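A.B. asks: The structure that follows is given in the form of structure tokens.
The values are calculated or read from the model by the stated rules, or taken from the named source; none is laboratory data. Because the structure is predicted, anything quoted here is derived from the model rather than measured. Note: ideal-geometry Cβ built from the backbone for every residue, glycine included; neighbour counts use all protein chains shown.
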Amino acid sequence: MRTSIAMVVGLAWLAAGCGSTDSDGSGTGGAGGSGGGGSAGTSGTCANLMQEYAAALSEAKVCDPSINTLLCTAKTSDQLLCGCPTFYNPANKDAVNKLATVSQQAQAASCQVPCPKIACADPQSASCVASGSGTVGVCTDTVN
């Protein structure tokens, strides 16, 4: 019985966390959820998840331009919701794991936003471009 109650409470919390959107862009914002414990930590709202995804992607795009090998070889979305393809450095394992975790949390929370009806450029490759001096660079997409 405890498991059933916990499951219902958990599902209700997830359903309340994010709004839904109709195809015409109208919709309702979700009611604010109450914080919960467990593995979700502080990543309770869709807005927080979008920010966490953006931060993790920035970390995943870090590379070393002095290394003479391809570093930016994996593709993901440049935004948690409604994004376009972009390359990142799969060697940044912690950031890559964070991207996957945040994506799963957003899916579980049914996060949605109205997506603009524009075509995305599909980069075919990326290179590590120095950002300042030293060995810090960022994966920069190349669109043909």
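A.B. asks: Among the listed residues 73, 140, 86, 69, identify the single one that is modelled with pLDDT under 90 and either among the β-branched types (Val, Ile, Thr) or exposed (fewer than 15 other Cβ atoms within 10 Å of the Cβ) (or both).
C.D. replies: Only one candidate qualifies: 69.
A.B. asks: Going through the range 77-113 one residue at a time, which ones are more than 16 Å from residue 51 (Cα to Cα) and not in a loop (DSSP other than H, G, I, E, B)?
C.D. replies: Selection gives 85, 86, 87, 88, 93, 94, 108.
A.B. asks: Is there a residue in the range 73-85 that is aliphatic (A, V, I, L, M) and within 21 Å of residue 45 (Cβ to Cβ)?
C.D. replies: yes
A.B. asks: Between a first residue in the range 72-98 that is without any contact (Cβ under 8 Å) to a residue 40 or more places away in the chain and a second residue that is aromatic (Phe, Trp, Tyr) and in a helix (DSSP H, G or I), which pairs have beta carbons less than 9 Å apart while being 6 or more apart in sequence or on different chains?
C.D. replies: From the range 72-98, the pairs are 77/53; 79/53; 80/53; 81/53; 83/53.
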